[in-house]
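Peer 1: Structure provided below as structure tokens; questions to follow.
Taken together, the values in this text are just the output of simple stated rules run on the coordinates, not laboratory data. These figures come from a predicted structure and were not determined experimentally. Here the Cβ is made from the backbone with ideal geometry for all residues, glycine too, and neighbour counts use every protein chain on show.
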Amino acid sequence: MKGDPKLIDTLNSLLADELTAINQYIVHAEMCEDWGYGKLHHGFEKRAIDEMKHAEKLIGRILFLGGTPIVTNLNNIHIGGEVPKQVENDRVAELGAIKAYNDAIALAGELRDYATRDILVQILNDEDRHMDELEEMQDQIEQMSLPIFLTTQVG
């Protein structure tokens with residue numbers, strides 16, 4: 001099937017976002033593991049795996065539409081040197097992803113490519129969940145204080 005070039009470009013842009021997120025989450029996960037925050041490590045790692053699955057879906061769809069997946073493009077990666085900065089950097093990235101997916105969903109709808117739109121909606125739901133998790137952590141840090149929050153993340 002021959003897809004719309006603008007939609008394929010949009011999917012490649014989303015792919016770059018996902019590949020960037022994978023790297024950012026993995027670095028944050030490993031930093032948390034190194035600091036002894038096993039629960040944070042697990043959470044960051046799980047989000048990285050979700051982003052890998054998103055990249056896989058996007059690559060599959062780009063190929064289906066007759067495009068070429070571009071896996072060499074990465075956006076700026078923002079690594080936090082401490083847990084609150086990691087969470088904030090990831091929250092900002094998820095906020096951008098949510099906007100990008102909403103825009104892509106609208107484009108797919110305008111082009112009457114409902115199968116692509118459905119795939120993008122599925123991914124958007126995951127991104128919304130990621131945002132909720134990150135905002136929940138920020139709320140916990142604020143309410144408990146950072147030292148108490150971090151004691152809940154050991155193990």
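Peer 1: Select from the stretch 1-47 the residues that are more than 18 Å from the chain's Cα centre (by Cα) and of a type in the set (D, E, K, R) and write down the one among them that is farthest from Asp118 (Cα to Cα).
Peer 2: Checking each candidate, the answer is Asp34.
Peer 1: Note down all Cβ pairs under 6 Å where the first residue falls in the stretch 59-80 and is more than 30 Å from Leu40 (Cα to Cα), the second is among the small types (Gly, Ala, Ser) and part of a loop (DSSP other than H, G, I, E, B), and they're at least six residues apart or on different chains.
Peer 2: Cβ pairs passing all conditions: Leu65/Gly3; Gly66/Gly3.
Peer 1: So, one more: Quick test for you: out of Val154, Val83, pick the one residue that is touching a Lys or Arg at 6+ places or on another chain (Cβ under 8 Å), of a type in the set (A, V, I, L, M) and more than 22 Å from Lys2 (Cα to Cα).
Peer 2: Val154
Peer 1: Return the residue satisfying two criteria in turn: it lies in the stretch 123-150 and is among the polar types (S, T, N, Q) and exposed (fewer than 12 other Cβ atoms within 10 Å of the Cβ), and of such residues it is nearest to His28 (Cα to Cα).
Peer 2: Per the stated criteria, the residue is Ser145.
Peer 1: On to the next question. Name the residue that is surrounded by the fewest Cβ atoms within 10 Å (Cβ to Cβ), counting only residues in the stretch 46-95 that are assigned to a helix (DSSP H, G or I) and among the β-branched types (Val, Ile, Thr).
Peer 2: Across the stretch 46-95, the extreme among qualifying residues is Val92.
Peer 1: Assuming Leu40 fulfils every condition listed in (1) closer than 21 Å to Asp139 by Cα; (2) exposed (fewer than 13 other Cβ atoms within 10 Å of the Cβ) apart from one, which condition is it?
Peer 2: Unmet condition: (2).
Peer 1: Which of the residues that make up the stretch 97-119 are surrounded by 15 or more Cβ atoms within 10 Å (Cβ to Cβ), part of a helix (DSSP H, G or I) and touching a residue at least 40 places away in the same chain (Cβ under 8 Å)?
Peer 2: Answer for the stretch 97-119, where residues must be surrounded by 15 or more Cβ atoms within 10 Å (Cβ to Cβ), part of a helix (DSSP H, G or I) and touching a residue at least 40 places away in the same chain (Cβ under 8 Å): Ala97, Ala100, Tyr101, Ala104, Leu107, Ala108, Thr116, Ile119.
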